[in-house]
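The values are calculated or read from the model by the stated rules, or taken from the named source; none is laboratory data. Keep in mind the model is a prediction, meaning the values are calculated, not measured. Here the Cβ is made from the backbone with ideal geometry for all residues, glycine too, and neighbour counts use every protein chain on show. Side chains are part of the model used for accessible areas, which takes the heavy atoms of the whole protein and leaves out ligands, DNA and RNA. Shrake-Rupley method; radii C 1.70, N 1.55, O 1.52, S 1.80 Å.
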Amino acid sequence: MDKQELQMLRDLPIERVAERLGLQVRLHKALCPFHDDHHASLSFSVRRNTFRCFVCGASGGTIDLVMRFLNVGFLEACRWLGGSSLGGESSGSERGASSSEGESRAFDASRYTRYFEHPWLSPEARQFLYDERRLDPRVVRWCRLTSWRDRRGVSWLQTPYFDRDGHLVGIQNRNLVKGALPRFRFPAGAECGIYNLPVLNRLHTGEPLYITEGCSDCWAMLSAGHKAIAIPSATLLGKKDAELLSSLASDRSTRFHMYPDRDAPGERLFLQLQQVLPHLERHHLPPNCKDFGDYYRTRF
């Protein structure tokens, strides 16, 4: 890793990194995960791109936050931020467990593939997807969303990431208990870059393709009747993924569209993506909607 790549990781928006780790950030603050916190003592400085807890003293930048939260070393934290290794995996039997030791291993797709052959949705998952998100059941089936319960009986939504050929390359596990931490968990070696790549096989020449930030907005966009993919962050977009998007624009005349989130990170994401896709068309959300998922729930 050269100095430029390292600086890119350090320049990732600190609050988005925190949210990706599962922290709930409100008004630049969150409950500190490093001590028994009940008053949101973890503070984020957007200008300095740092975090600091005024109770336990934890502080640092993006890499420090990942190292401390995941209890991993510097290199593993950089890999996590770079999207090549999102967390670890325990030696237990839980489907989406994370390791406290941050062991780095290759993603074992064979261990998880069977769970997506016959998806099962718990009552909590159904409420989240259909009642709260109001998603089209056909989208849920297309994305092969499923759920599972851990040893404590907590329900998790399991989102598979497939490559363009339909091979399982990663999994995102979402805790369905509101406010619970961690919010997300990833098996070792999971490649959670561009989401919903198989839709590209159904994309016709010159057809529009929407880019969203995160799976939830992608589900909403698909439910609204648009073909869509999602990425976690433009700065985490790998070289191969960037080349894929560029080739779609040049070789297939794909017209890219985006509804940026109504916040500073959303604006940065759009501008960063525009460097890869100069003709990316911007659409504006209504003032009362923070993201497309919110817009979808109020309009459809």
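If you take the alpha carbon atoms of segment 179-300 and fit the smallest convex hull around them, that volume is 126 Å³ per residue. Dipole check for segment 122-176: with +1 at the C-beta of Lys and Arg, -1 at the C-beta of Asp and Glu, and the Cα centre as origin, the magnitude is about 100 Debye. Taking the square roots of 5 times each eigenvalue of the Cα gyration tensor of the chain, largest first, gives ellipsoid semi-axes of 28, 24, 20 Å.
Counting only protein chain heavy atoms and rolling a 1.4 Å probe, the accessible areas of HIS28, HIS226 rank, largest first, as HIS28, HIS226.
Tell me the carbon and sulfur percent of the accessible area for the chain, rounded to whole percent, probe radius 1.4 Å. Its accessible area is 49 percent carbon and sulfur atoms. Between ALA106 and HIS39, the contour length at 0.36 nm per residue exceeds the Cα-Cα span by 20.3 nm.
Highest average first, the peptides 285-291, 260-266, 42-48, 200-206 ordered by how many other beta carbon atoms sit within 10 Å of their residues are 260-266, 42-48, 285-291, 200-206.
I'd like the antiparallel share, as a percent to the nearest 5, of DSSP beta bridges with both residues in the chain. Among the beta bridges of the chain, antiparallel pairing accounts for roughly 70 percent. Can you list the lysines whose alpha carbon is less than 19 Å from that of LYS29, not counting same-chain residues fewer than 8 positions off? Partners found: LYS178, LYS290. When both segment 101-153 and segment 193-269 are represented by their alpha-carbon centers, they are found 22 Å apart. The accessible-area ordering, largest first, of the residues THR298, THR254, THR113 stands as THR298, THR113, THR254, per a 1.4 angstrom probe.
Computed with a 1.4 Å probe on the full set of protein chains, the accessible area for HIS167 sits at about 110 Å². Within a straight-line Cα-Cα reach of under 19 Å, LYS239 can be paired with the following aspartates and glutamates, leaving aside sequence neighbours fewer than 8 residues apart in one chain: ASP2, GLU5, ASP11, ASP163, ASP165, GLU191, GLU213, ASP251.
For SER147, the residues 5 or more places off, or on other chains, whose built amide H falls under 5 Å of its own are TRP120, SER122, GLN158.
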